[in-house]
Structure formats: structure tokens, C-alpha cells
């Protein structure tokens with residue numbers, strides 16, 4: 001495995017590739033964030049709903065760790081989502097001092113519509129790729145997915 005952090009001799013091409021990847025992923029991510037179904041939700045609120053969709057129910061503390069925010073911030077986010085009817089709080093099955101957060105059917109439908117809109121937007125961009133570029137992008141998708149979850 002090459003050391004991509006040193007930037008020393010022999011790593012200039014790798015360092016340039018890492019820089020280009022970082023820049024492209026950030027720009028694409030910002031553009032994707034604008035393809036939202038519900039403008040009233042913050043990106044953080046959408047991220048929490050996405051985490052619940054992927055991981056299932058969780059305590060606010062677990063959500064805070066997964067989202068890399070402080071527990072008091074997550075408590076506020078969960079309260080906002082609950083007030084909007086997108087999550088529900090229920091007693092924890094093993095620890096009655098805690099609550100578990102789960103998404104509602106309304107949140108599931110909104111996330112599905114958001115995925116559909118973002119996928120359609122990405123597909124329209126991909127139409128501008130030639131066959132070789134599209135093949136490379138398909139091959140890169142699992143690698144990008146792995147990086148996103150390391």
C-alpha cells in the first residue's frame with residue numbers, strides 16, 4: 001500500500017490523484033445536496049434519516065457517534081425530526097432510561113423520493129460520459145463505497 005500522506009518523491013502522481021479525488025468528491029457532494037426534495041430539512045437532518053434507513057433504530061447516543069456530533073446536538077436534531085413527524089421515540093427494550101429512534105413511514109417515503117431525484121440527476125450527468133468513462137465509473141463505485149465507510 002503506497003504512503004499517500006507523505007507527498008515525498010515518487011508519490012507526486014499519487015498525491016495529485018488524491019487531491020483530484022478529494023476535490024471532485026467534494027464538488028459532486030455539494031451539487032448532490034442541492035437535489036433535495038424537502039428544503040425545510042438541514043443536510044444534518046437528512047443525514048440522520050439516512051443513517052436510520054441504513055442502520056435501523058438507534059439511541060440518540062449511537063446516532064451522535066455515527067454522525068460525529070455531540071449528544072446534546074443529536075438530542076436537538078431528533079426533537080426537530082420528531083416534531084416534523086419523521087422519527088418516533090420509543091422506550092429502549094433493555095434500558096428504560098434510554099429511548100430508541102426510528103424513522104416513520106413519512107421519512108421513508110421522503111428518503112425514497114430524494115434518492116430517486118438524486119439518482120435521476122446523476123444519471124443525466126452520466127449520459128455525457130462515453131462508454132469507456134462509464135465503464136471506469138461503474139468499476140470505481142465499489143471502491144468509492146468502501147472509502148466512504150472506512
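The values are calculated or read from the model by the stated rules, or taken from the named source; none is laboratory data. Since this is a predicted model, take the numbers as computed values, not measurements. Cβ atoms come from the backbone with ideal geometry, glycine included; neighbour counts cover every protein chain shown.
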Determine which member of the set 83, 17, 58, 107 is free of Cβ contacts under 8 Å to residues at least 60 places away in the same chain and within 21 Å of residue 147 (Cα to Cα).
17
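Residues are listed down the side, and each one gets a yes or a no for (1) within 20 Å of the chain's Cα centre (by Cα); (2) within 19 Å of residue 44 (Cβ to Cβ):
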site	(1), (2)
64	yes, yes
73	yes, yes
78	yes, yes
86	yes, yes
110	yes, yes
122	yes, no
132	no, no
135	no, no
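Would you confirm, using the coordinates I've provided, whether residue 25 is out of contact with any helix residue (DSSP H, G or I) (no Cβ under 7 Å at 6 or more places or on another chain), part of a helix (DSSP H, G or I) and either at pLDDT 85 or above or surrounded by 16 or more Cβ atoms within 10 Å (Cβ to Cβ) (or both)?
yes
Just to check your reading of the model, which residue among 91, 43 is free of Cβ contacts under 8 Å to residues at least 40 places away in the same chain and touching a strand residue (DSSP E or B) at 6+ places or on another chain (Cβ under 7 Å)? Walk me through how you get there before you give the answer.
Details: 43 fails: touching a strand residue (DSSP E or B) at 6+ places or on another chain (Cβ under 7 Å).
Criteria check complete, one pass: 91.
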I'd like to verify a number: residues in the range 39-70 that are under 18 Å from residue 89 (Cα atoms) and in a loop (DSSP other than H, G, I, E, B), how many?
3
Kindly list the number of the only condition in (1) modelled with pLDDT of 90 or more; (2) in a helix (DSSP H, G or I) that fails for residue 85.
(2)
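When you scan the range 102-150, how many residues do you find that are assigned to a strand (DSSP E or B) and over 22 Å from residue 48 (Cα atoms)? Steps first, answer last, please.
So in the range 102-150, the residues assigned to a strand (DSSP E or B) come out as 102-103.
Of the ones still in play, those that are also over 22 Å from residue 48 (Cα atoms) are none.
So the count comes out to 0.
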Filter the range 88-101 down to the residues that are assigned to a strand (DSSP E or B) and either within 17 Å of the chain's Cα centre (by Cα) or loosely packed, with under 14 Cβ neighbours inside 10 Å (or both) and list them by number.
90, 91
